[in-house]
Structures are given as structure tokens and as C-alpha cells.
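Okay, so here's the structure we're looking at.
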Amino acid sequence: MQFKANLNTRDSILASLQVKQAMEKQIKSKLAFVRCPEHKTTVQNIKVTGNSASSFKVEMKYCCDQLKAEIEKALK
Ligand SMILES: [Zn+2]
């Protein structure tokens, strides 16, 4: 993800907020139907954190490694 260098600080904060929200939405929609094969639970608390596109981190809660494997498959 690249931003134009001539954005002022406020614009770039807004832009990265928008990118963050868009990312979050995309990840949520990709994981909406992902369920743990054993516990039948879905992924919870999906959140993108970080202040710039280069430092974004995705946080989420899942019950176990089986669901983690499903998440990795879905996000590929
Ligand atoms: Zn599980």
C-alpha cells in the first residue's frame, strides 16, 4: 500500500484510518464463514491495529490451532 508523499499529516492519518477500516472489513468478510471444525466457533474480535500502512497488525481471537489453520487458508 503506497501513499502520495504530498499528503499533509492529517490527510495521511485519515487515509491510513480508511485503509485500516477497509482492511478490517475485508478480513471480517473473508473470515465470516470460517468455523473451527472441532468447536464450531467463528473468529472473534477481528481488529486491525497500527498507525501506518507499514505497521498494521491484525488481531483476532480463535479457539485453537485447527481454527488458526482455517484462518490461514482463508486469508491466503
Ligand atoms: Zn477450536
message: Projecting each Cα onto the charge dipole of the chain (Lys/Arg +1, Asp/Glu -1 at the beta carbon, about the Cα centre), which of THR49, VAL19, HIS39 comes out farthest on the positive side?
response: VAL19
field: Residues LYS47 and ALA69, FRET efficiency given R0 of 25 Å [Cβ-Cβ distance, rounded to 0.05]
entry: 0.75
task: State the extension gain, in nm to one decimal, for the chain segment bounded by LYS40 and GLU24, taking 0.36 nm per residue of separation less the distance between their alpha-carbons.
output: 3.5 nm
query: What is the helix-to-structure angle for 65-75, meaning the angle in degrees between its Cα long axis and the longest Cα principal axis of the chain, kept from 0 to 90 and rounded to the nearest 10?
result: 50 degrees
query: Over the chain, what is the mean sequence separation of C-alpha contacts under 8 Å (at least six apart), divided by residue count, expressed as relative contact order in percent?
result: 30 percent
statement: Expressed as a percent, the portion of alpha-carbon pairs in the chain spaced more than 20 Å apart is 39 percent
- prompt: Where does the chain land at 222 nm, in deg cm²/dmol rounded to the nearest 500, when only DSSP H runs of n ≥ 4 count, each adding -39500 (n - 2.57), divided by all residues?
  reply: -15000 deg cm²/dmol
task: Run the dipole for the chain about the Cα centre, Lys and Arg Cβ at +1, Asp and Glu Cβ at -1, nothing else charged, and hand back the magnitude in debye, nearest 20.
output: 140 debye
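Only the coordinates and a few stated rules stand behind these numbers; no lab work does. Nothing here was measured: the structure is a model prediction, and the numbers come from that model. We place every Cβ from the backbone using ideal geometry, glycine too, and count neighbours over all the protein chains shown.
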